[in-house]
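Data block below; observations after.
Derivation of every value follows stated rules applied to the coordinates shown; laboratory data play no part. Keep in mind that what you see is a predicted model, and the values were worked out from it rather than measured. With ideal geometry, Cβ positions are generated from the backbone for all residues, glycine too; neighbour counts draw on all protein chains shown.
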Amino acid sequence: MRISREFLGTLVLLLVSSMANGDPLVPALIIFGDSVVDVGNNNNLYTLIKANFPPYGRDFVTHRPTGRFCNGKLATDFTAEYLGFNSYPPTYLSQDARGNALLTGANFASAASGLYDRTANLYRAITLTQQLNYYKEYQTKVVNMNYYINPLLNRICTPDQFSDILIRSYSTFIQNLYTLGARRIGVTTLPPTGCLPAAITLFGGGSNQCVARLNQDAIAFNNKLNRTSVSLLDKLAGLKLVVFDIYQPLLDMVTKPSDNGFFESRRACCGTGTLETSLLCNSRALGTSSNATSYVFWDGFHPSEAANEVLEGNLLAQGVGLVS
């Protein structure tokens, strides 16, 4: 189940409440996670897991690579826009994360991170534990500006055993966020990991179909995530916790691409679209398409901007309770 490591760190999105009035639906947006939501923190780390070179970012508003593992915007970028923000939460390790820019949130995500800290350490990424520590530091910085803020494998394990480890980490993480004052938290499920182009290439046995056993592992994990989230809601008074389902929306795009406006869901846009990601997805990668909007996947692991926009539409509908 190694292929799912990138996605074992599900996106944790924190909507921060405050006494301040503003135009956005919520005053601040805090993001934790892995490469699906990293907007450039890894640019500032000694790691090979980066996306700060072409063709990454070619369809972004600046038409330059930013560190996002995508041709353009991430789902969280669309989230920020839909919530009414004029800018995206700054990358916490960048020079942009200072002064008033922090008042609308921050992004702590790091590619190759996840719910299992040892994986992040292996790739010199920011562990989820360290992301939480950065969040504590962030709170101190914001409080010092007089702004009121009330916030969020190894081989010896079977997928089921490993998912138990991840769920315990998730539960602890949410409770730690709650202790820090977080009350509105959204977390995404795992996607259909067996449908990632890289997963099909590595584990598909020559087939062009999604790898069923990997998808079943993702479903099992998502069931545990939902049960644990219900338990946390019962345990933590005043908590609003929404589990955003990205499994089914992405599966629909993969299995019925034309119904969602896409042409290709097996191959990705970058290179051959099978194993390429990070350094393997570069400006010299042969076979890269000039039109990413027709592809569900940008590289072997990550959705395209067009797919992210569709996913965010689903997330927005599911997350109404967090902003009401």
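Lys-Lys pairs in the chain that are eight or more residues apart or on separate chains and whose Cα atoms lie under 23 Å of each other come to 6.
Taking the Cα centroid of the stretch 81-134 and of the stretch 226-270, what is the distance between the two, rounded to the nearest whole Å? Their Cα centres are 21 Å away from one another.
The fewest-to-most ranking of VAL39, VAL187 by surrounding Cβ atoms within 10 Å reads VAL187, VAL39. Charging the Cβ of each Asp and Glu at -1 and of each Lys and Arg at +1, and nothing else, the dipole of the chain about its Cα centre rounds to 660 debye.
Where only DSSP H runs of four or more residues are counted, the chain gives -11000 deg cm²/dmol as its mean residue ellipticity at 222 nm, each run worth -39500 (n - 2.57). Amide H contacts of PHE244 (H built 1.01 Å from N, in plane; Pro and chain starts excluded): VAL187, THR188, THR189 sit under 5 Å, all sequence-distant by 5 or more or on other chains.
The computed Rg and Dmax of the Cα atoms in Å for the structure shown corresponds, within (1) 21.3, 65; (2) 18.5, 59; (3) 19.2, 63, to (2). Out of the DSSP beta bridges found with both residues in the chain, what percent are antiparallel (nearest 5)? If we restrict to bridges inside the chain, about 50 percent are antiparallel.
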